[in-house]
Amino acid sequence: MKRIVTVLPALLVCFFSMTAGAQPIQIPVLTSANALVLQVDSVKNVSVIYFGPKLTNSNEYALVNQTYRQTEDYTNVLDAAYPVAGSRNLLEPALAVKHADGNQSLDLRFVRQEITKTSPDVTLYSIYLKDPVYNFEVLLNYRAYFRQDLIEQWTVIRHHEKGNVQLEKYASANIYLKGGPFYLNQYHGDWAKEMQPEESRITHGIHTLDSKLGTRANLFQPPVFMVSVGKPATEDEGTVLYGALGYSGNFRTDLELDFRDNLKIISGINNYASAYSLKPGEEFETPVLIYLLSSKGKGHASRQMHDWARQYKILDGKGSRLTLLNNWEATYFDFNEDKLKGLLRDTKELGVDLFLLDDGWFANKYPRNNDRTGLGDWEENKTKLPNGIATLVKEATNNQVKFGIWVEPEMVSPKSELYEKHPDWVVKQPAREEHYFRNQLVLDLSNVKVQDFVFGIIDSLFTRNPALAYIKWDCNAVIYNAHSVKLANQSHFYIEYVRGLYNVLKRIRAKYPVVPMMLCSGGGGRVDYAALQYFTEYWPSDNTDPLERIFMQWEYSYFYPAVASANHVTDWGKQPIKYRVDVAMMGKPGFDIVVKHLSENDLRFCKEAITMFRSYNGIVWQGDQYRLADPRLSPVASVLYLAKDKSAGVIFNYLVNNRYGQGSTVPIQLKGLDDKANYRLEEINLYPGTSAALDSTKIYSGEFLMKVGFNPVVNNSRTSVVLKITQVR
Ligand code: DGJ
């Protein structure tokens with residue numbers, strides 16, 4: 001695998017190498033608040049001696065270890081920066097190999113380090129390690145984002161042995177934490193039930209979070225987690241480590257509490273069915289593990305993560321987003337040109353930016369009139385769209401709205417011309433019966449011809465319709481019967497699939513760098529920070545019941561900023577339109593309803609809410625998010641988005657418990673304000689005919705609002721209340 005070349009010019013490079021028998025040297029990986037201190041000892045072992053808040057006197061890092069009086073480390077490598085298998089290590093390794101001669105031992109010793117400041121805020125620490133016996137090397141990379149206290153860690157593995165080396169396990173990173181107890185906050189899910197949190201104390205032994213689904217890998221378990229140190233962290237207190245593997249395929253995170261009560265977190269590509277045969281001279285680069293330590297609770301950690309994601313990771317993270325009307329739940333597969341022209345007029349009437357044509361527009365021999373046929377045959381269906389997409393794009397322009405389209409390019413229906421023509425492009429076991437997930441199969445993206453085909457689908461849509469403004473990229477099946485007829489080594493399949501996917505996405509982005517694309521996967525089966533480099537937004541769940549969404553969006557928001565969260569107003573749930581729209585506004589709102597079915601007042605409300613949203617979307621998308629009242633702990637959920645300069649914000653408040661008398665009986669404390677400034681609270685998104693319960697002429701100090709709080713007057717007749725907070729000068 002090719003190494004990624006740093007795009008930014010190296011501002012400063014320094015080299016350091018060490019000879020045997022020298023004094024221990026320290027490599028402090030520094031961010032604004034924290035230090036991750038590595039140490040090279042006299043026999044060139046690289047260990048982690050400290051990870052925590054920065055100390056003023058850096059000489060004192062050397063004193064940390066002596067303050068622990070734990071039992072003996074029989075291996076001398078329990079605190080290894082990157083533990084390997086087969087020599088002294090007795091616990092879980094990050095790297096395990098079989099050498100060209102069949103030997104399974106590995107030992108890695110320090111060779112040299114390079115520190116490269118790639119921008120004023122970003123420093124890359126590269127540590128070269130080598131096996132003293134075998135010609136086998138590992139480059140450990142730590143990229144530190146100073147202001148956001150965030151580290152990306154990954155490795156590059158290579159060798160010059162006389163034959164291939166089999167990588168049995170090849171994690172991206174190991175994080176070593178001392179001073180528990182430790183509490184893990186992990187997530188699980190299923191279709192329409194994404195991001196369900198669970199917190200537990202980490203016990204001795206290994207706890208594994210993983211996926212073996214191939215595509216939409218995080219459907220059952222996303223690759224994000226939190227570990228609290230000492231006690232479970234709250235929004236504003238406690239030490240918490242956030243972790244997120246940037247990888248869109250099978251992953252594995254092992255959390256091992258060792259016999260001395262220290263914790264190792266080893267995370268990377270899942271080695272399940274994936275031993276990798278590495279040729280001499282070939283480089284294997286692992287995906288990045290993203291992690292961030294906060295000693296100010298979960299809220300601070302998430303704001304840091306959002307800042308980092310918007311600045312460095314999510315495509316156009318600092319930009320704005322298009323609001324839209326989607327036809328999926330309004331029509332399903334049942335539409336034609338006339339109906340869509342009507343929906344284009346509705347798009348304009350509603351006041352959103354774009355119409356998004358969903359599934360069902362393609363395939364002729366096996367028309368896509370349901371989810372059993374046609375995937376792979378990406379020509380317009382002649383019965384539904386006799387004049388093609390081009391006419392619709394033109395019609396959209398006539399209505400002064402933009403046009404976007406749904407694709408699911410990695411997939412194929414068993415009943416499709418594509419399958420008939422290219423059965424060898426399909427992931428399946430040649431001698432076994434086929435298994436379908438949503439009646440479909442996955443295309444073999446490890447095959448370059450398939451990559452060309454998938455790229456061609458998007459490319460031809462844009463070539464034929466240059467005004468196309470948005471892509472919804474869906475992915476509804478997992479991989480059963482993992483096998484490629486093209487691959488010589490089947491245990492490379494899962495890895496090559498993801499490489500193939502990234503190759504296609506890179507090509508798309510090289511040619512179409514800015515067009516917004518939604519990462520959809522029949523719900524939140526697929527969001528991760530590697531994929532988000534190519535996508536502007538993700539679809540958290542098909543479950544758009546706003547009550548459910550409050551909980552889900554709350555959890556997603558710990559890791560991903562609102563600018564990337566596509567939230568649609570649909571007919572799911574029993575809540576009134578105001579509640580549904582208000583929930584959608586905590587991100588990038590869209591509508592997936594029959595506009596004509598809206599009552600006059602409902603339509604008026606939607607239009608006014610969209611217009612109003614334009615006045616504060618910058619705050620939601622680019623501001624700081626504060627979680628004020630937790631729906632799991634209180635009958636009212638409350639979330640604040642605050643402009644960076646603290647001059648204005650928007651507070652969303654919802655009743656989440658319908659039992660008698662529930663509501664905002666007590667005040668909710670605001671956070672993040674300027675305590676010396678004065679603020680006014682004004683209710684916005686009022687439903688026609690209703691009036692505000694809060695007096696917008698009253699002025700409160702920031703101190704009052706943060707110490708005493710505000711009351712949004714949420715109750716069973718005011719279930720959703722949106723407040724604008726503005727500094728009064
Ligand atoms: C699953 C998506 O989540 C839905 O929004 C819709 O696009 C369907 N697929 C279409 O098949």
Output the qualifying pairs, or none if there are none: Cβ atoms under 6 angstrom, residues six or more apart or on different chains, first residue in the range 671-689 and within 17 Å of Lys578 (Cα to Cα), second residue in a loop (DSSP other than H, G, I, E, B). Glu682/Ser696; Glu683/Ala692; Glu683/Leu694
Considering only the range 657-668, state which residues are buried (at least 19 other Cβ atoms within 10 Å of the Cβ) and hydrophobic (A, V, I, L, M, F, W, C). Ile668
When only residues in the range 515-526 that are farther than 18 Å from Ser557 by Cα and at pLDDT 95 or above count, which is farthest from the ligand (Cβ to nearest atom)? Val515
Of all the residues that make up the range 249-282, how many are within 22 Å of His204 (Cβ to Cβ), surrounded by fewer than 21 Cβ atoms within 10 Å (Cβ to Cβ) and of a type in the set (Lys, Arg)? 1
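Per-residue answers, yes or no, for (1) assigned to a loop (DSSP other than H, G, I, E, B); (2) crowded, with 21+ Cβ neighbours inside 10 Å; (3) more than 13 Å from the ligand (Cβ to nearest atom):
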| site | (1), (2), (3) |
| --- | --- |
| Glu349 | no, no, yes |
| Val352 | yes, yes, yes |
| Leu356 | no, yes, no |
| Pro367 | yes, no, yes |
Mind telling me which of the residues Ala244, Ala217 ends up being open to solvent by less than 10 Å² (accessible area, probe 1.4 Å) and at pLDDT below 95? Ala217
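Could you tell me whether the range 482-499 includes any residue that is within 16 Å of the ligand (Cβ to nearest atom) and open to solvent by less than 30 Å² (accessible area, probe 1.4 Å)? Reasoning before the result, please.
Just the residues of the range 482-499 that are within 16 Å of the ligand (Cβ to nearest atom), to begin with: none.
For the range 482-499, residues within 16 Å of the ligand (Cβ to nearest atom) and open to solvent by less than 30 Å² (accessible area, probe 1.4 Å): absent.
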Just checking, does the range 569-579 include any residue being within 15 Å of the ligand (Cβ to nearest atom) and surrounded by 24 or more Cβ atoms within 10 Å (Cβ to Cβ)? yes
Would the range 71-86 turn up any residue that is surrounded by 21 or more Cβ atoms within 10 Å (Cβ to Cβ), touching a residue at least 40 places away in the same chain (Cβ under 8 Å) and closer than 14 Å to Pro28 by Cα? yes
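This table checks each residue for (1) in a loop (DSSP other than H, G, I, E, B); (2) among the polar types (S, T, N, Q).
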| residue | (1), (2) |
| --- | --- |
| Asp190 | yes, no |
| Ser200 | no, yes |
| Ile206 | no, no |
| Gly243 | no, no |
| Asp261 | yes, no |
| Ser274 | yes, yes |
Qualifying position, being surrounded by 21 or more Cβ atoms within 10 Å (Cβ to Cβ), more than 16 Å from the ligand (Cβ to nearest atom), of a type outside the set (D, E, K, R) and under 16 Å from the mean Cα position of the chain (by Cα), among Tyr534, Tyr556, Tyr529: Tyr529
Quick one: what pairs do we get from the range 230-242, first residue among the hydroxyl-bearing types (Ser, Thr, Tyr), second at pLDDT 95 or above and open to solvent by 40 Å² or more (accessible area, probe 1.4 Å), C-beta under 6 Å, 6+ apart or different chains? Thr239/Ser295
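Okay, residues lined up against (1) of a type in the set (Val, Ile, Thr); (2) free of Cβ contacts under 8 Å to residues at least 60 places away in the same chain; (3) in contact with a Ser or Thr (Cβ under 9 Å, 6 or more places away or on another chain); (4) farther than 30 Å from Ala275 by Cβ:
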{"site": "Leu140", "(1), (2), (3), (4)": "no, no, yes, no"}
{"site": "Arg143", "(1), (2), (3), (4)": "no, no, yes, no"}
{"site": "His160", "(1), (2), (3), (4)": "no, no, no, no"}
{"site": "Phe182", "(1), (2), (3), (4)": "no, no, yes, yes"}
{"site": "Met195", "(1), (2), (3), (4)": "no, no, yes, yes"}
{"site": "Arg201", "(1), (2), (3), (4)": "no, yes, no, yes"}
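The values are calculated or read from the model by the stated rules, or taken from the named source; none is laboratory data. Predicted model only: the values in this text are computed from it and were never measured. Positions of Cβ are backbone-derived with ideal geometry, glycine not excepted, and every protein chain shown enters the neighbour counts. Accessible surface areas use protein heavy atoms only, side chains included; no ligands, DNA or RNA. Shrake-Rupley method; radii C 1.70, N 1.55, O 1.52, S 1.80 Å.
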